[in-house]
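Here the structure is laid out as structure tokens; the discussion comes afterwards.
The values are calculated or read from the model by the stated rules, or taken from the named source; none is laboratory data. Everything numeric in this text was worked out from a predicted model, so none of it was measured. Don't worry about glycine lacking a Cβ; one is built from the backbone with ideal geometry, like all the others, and counts go over all protein chains shown. With ligands, DNA and RNA removed, areas are computed over all heavy atoms of the protein, side chains included. Shrake-Rupley method; radii C 1.70, N 1.55, O 1.52, S 1.80 Å.
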Amino acid sequence: ITLDHPEIFLLQVRAMIRANQHSRNLEIMLPMIASIGEVEEAVRLINQAFYELKAEISEDLVKPKIGIMIEVPSAIFLISELAERVDFFSVGSNDLTQYLLAVDRNNARVANLFDSYHPAVLRALHFIAQQAQQCNTTLSLCGELASEPAGALLLLAMGYDKLSMNPHNLARIKWVVRHVEYEQAQKVLAHALTLTSPADVRSYLNEQLEAFDLGGFVRAGM
């Protein structure tokens with residue numbers, strides 16, 4: 001919509017940059033990116049808004065960092081090219097899972113097929129993390145997987161820098177992270193990536209949480 005109506009996008013970006021004059025910490029993240037061209041056009045418009053505004057007002061302006069959401073499968077195979085054009089990545093794991101598995105999680109007939117522990121999803125997330133590390137690009141993840149103890153362990157072992165979740169999940173995720181060594185989490189990840197069904201992955205992760213004396217989280221939900 002914003003690329004179809006650049007006049008609206010430019011107005012919004014100008015407003016954001018103005019609002020950032022004093023806090024100077026603005027970051028703009030572009031959602032649903034499926035191609036390089038979308039990023040290039042959005043970056044061009046953001047740069048246009050920035051330089052136009054900079055010429056109009058006397059105060060120094062900070063150019064905002066620009067990032068993208070990786071939630072459309074096509075973006076997975078463009079990471080190195082995308083990294084040359086943006087400052088950071090954030091994976092939208094709920095949408096990425098939905099599109100990878102061709103499952104509408106809001107459709108009751110097929111919602112049961114939506115599973116963040118599907119081997120294809122875990123391998124895709126691992127591949128994204130490896131590519132981002134090679135490109136030296138900051139990587140975060142937002143989604144249900146980050147708020148689950150087993151999921152958080154896998155993501156941290158993969159190399160995700162930041163995990164976004166609902167505030168009520170923070171305490172238990174902090175507890176898990178502080179009680180499992182990074183090397184242990186990497187071993188769990190390595191084996192989990194060899195499994196071929198969501199049921200096997202969940203069963204294995206439950207066993208590992210029990211072994212780490214975190215069985216209470218298993219019984220309370222992964």
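Here are the numbers for the structure shown:
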quantity	calculated
Complete set of residues in the stretch 108-139 that are among the polar types (S, T, N, Q), under 17 Å from Q98 (Cα atoms) and open to solvent by 70 Å² or more (accessible area, probe 1.4 Å)	N112
Filtered residues of the stretch 26-46 (kept if under 13 Å from D87 (Cβ atoms) and loosely packed, with under 15 Cβ neighbours inside 10 Å)	E27
Single residue of L156, L209 found to be open to solvent by less than 80 Å² (accessible area, probe 1.4 Å), in contact with a Pro (Cβ under 7 Å, 6 or more places away or on another chain) and either at pLDDT below 95 or assigned to a helix (DSSP H, G or I) (or both)	L209
Of residues in the stretch 194-206 being touching a residue at least 12 places away in the same chain (Cβ under 8 Å) and in a helix (DSSP H, G or I), the one most open to solvent (accessible area, probe 1.4 Å)	R202
Qualifying residue in the stretch 161-179 (condition: at pLDDT 95 or above and in a loop (DSSP other than H, G, I, E, B))	no
Residues located in the stretch 102-112, provided they are out of contact with any Lys or Arg (no Cβ under 9 Å at 6 or more places or on another chain) and hydrophobic (A, V, I, L, M, F, W, C)	A102, V103, A108, V110
Among residues of the stretch 171-193, those that are closer than 13 Å to P119 by Cα and surrounded by fewer than 12 Cβ atoms within 10 Å (Cβ to Cβ), counted	1
Checking S23 against (1) at pLDDT below 95; (2) in contact with a helix residue (DSSP H, G or I) (Cβ under 9 Å, 6 or more places away or on another chain); (3) part of a loop (DSSP other than H, G, I, E, B), the condition it does not meet	(2)
Leading residue by the ranking (most open to solvent (accessible area, probe 1.4 Å)) among those in the stretch 1-16 that are among the aliphatic types (A, V, I, L, M) and at pLDDT 95 or above	L11
Filtered residues of the stretch 134-146 (kept if in contact with a Leu (Cβ under 8 Å, 6 or more places away or on another chain) and part of a helix (DSSP H, G or I))	L145, A146
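Yes or no, residue by residue, for (1) in contact with a helix residue (DSSP H, G or I) (Cβ under 9 Å, 6 or more places away or on another chain); (2) farther than 30 Å from D104 by Cα; (3) not hydrophobic (A, V, I, L, M, F, W, C):
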site: Q48; (1), (2), (3): yes, yes, yes
site: E52; (1), (2), (3): yes, yes, yes
site: L61; (1), (2), (3): yes, yes, no
site: I68; (1), (2), (3): yes, no, no
